[in-house]
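Report on the following structure.
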Amino acid sequence: MRRHLRLIALFAAAAAACAGLAAAQTAGRLGTINSHEILDKSAEGQRAYGQLEARNKKYAEDIARLDDQIRQLQNRLSTQRLTLTPDAAASLQADLARKQTERQRAAEDAAQAMRELQVGTMERIQNELLPVIEQVRKDMGLECIFDLAKGSVVYFNPALDVTAEVIKRYDALKAAPPAKK
């Protein structure tokens, strides 16, 4: 949460500085990106989404398996209730309660794991993108780049949108073999 507040404060400070620069220098150029589009269209963003979906699917399958086991125990308890001894019925009821608790814990653990994975993945991608965006800014002589997905831009010149260039360079960076240290 603190990191997000710092990012918002940094963005606000950068916007104020860029506004000051734009007022002081009429020749200053601004650029825009759309971080959602970068995630949707870049190869790394698509790969990350695929990994998140695969992990979520695995958790859902695990929970569905527990749901099936719970249904089987409930069916067994209801269909055999009259023929079970009191001890056997109590044991089956205890098994059912344990399985329900296991299912609830599994769902909570899966939700927490997915949140952590999403945050970690987005932070990693953001950290990888920052140098790419900075290089695009330098190469294009831009004073400031606004993220349309996070900012409140009412109008912008589509010619200023450098999202495609950032995607192209990010894909190239991720496709290149890692540099040896």
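The values are calculated or read from the model by the stated rules, or taken from the named source; none is laboratory data. This structure is a prediction, so every number in the text was calculated from the model and none was measured. No Cβ is skipped: glycine too gets one built from the backbone with ideal geometry, and neighbour counts run over all protein chains shown.
At a glance:
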item: Test result for ARG169, surrounded by 14 or more Cβ atoms within 10 Å (Cβ to Cβ), within 30 Å of ARG71 (Cα to Cα) and among the basic types (Lys, Arg); result: no
item: Residue list for the range 52-92, filter: more than 21 Å from MET114 (Cβ to Cβ) and surrounded by 14 or more Cβ atoms within 10 Å (Cβ to Cβ); result: GLN69, ILE70, LEU73, GLN74, ARG76, LEU77, LEU84, ALA89, LEU92
item: Matching option when the condition is touching a residue at least 60 places away in the same chain (Cβ under 8 Å) and either farther than 30 Å from GLU37 by Cβ or of a type in the set (Gly, Ala, Ser) (or both), among ALA90, ALA149, ALA111, ALA176; result: ALA149
item: Matching entry among GLU128, GLU123, GLU134, GLU108 (being surrounded by fewer than 17 Cβ atoms within 10 Å (Cβ to Cβ), within 30 Å of ILE70 (Cβ to Cβ) and of a type outside the set (Val, Ile, Thr)); result: GLU108
item: Single condition VAL119 does not satisfy, out of (1) free of Cβ contacts under 8 Å to residues at least 12 places away in the same chain; (2) more than 29 Å from ALA176 (Cα to Cα); result: (2)
item: Of residues in the range 153-169 being under 15 Å from GLY141 (Cβ atoms) and among the hydrophobic types (A, V, I, L, M, F, W, C), the one modelled with the highest pLDDT; result: VAL162
item: Sole residue being modelled with pLDDT of 95 or more and under 29 Å from the mean Cα position of the chain (by Cα), chosen from LEU5, LEU10, LEU52; result: LEU52
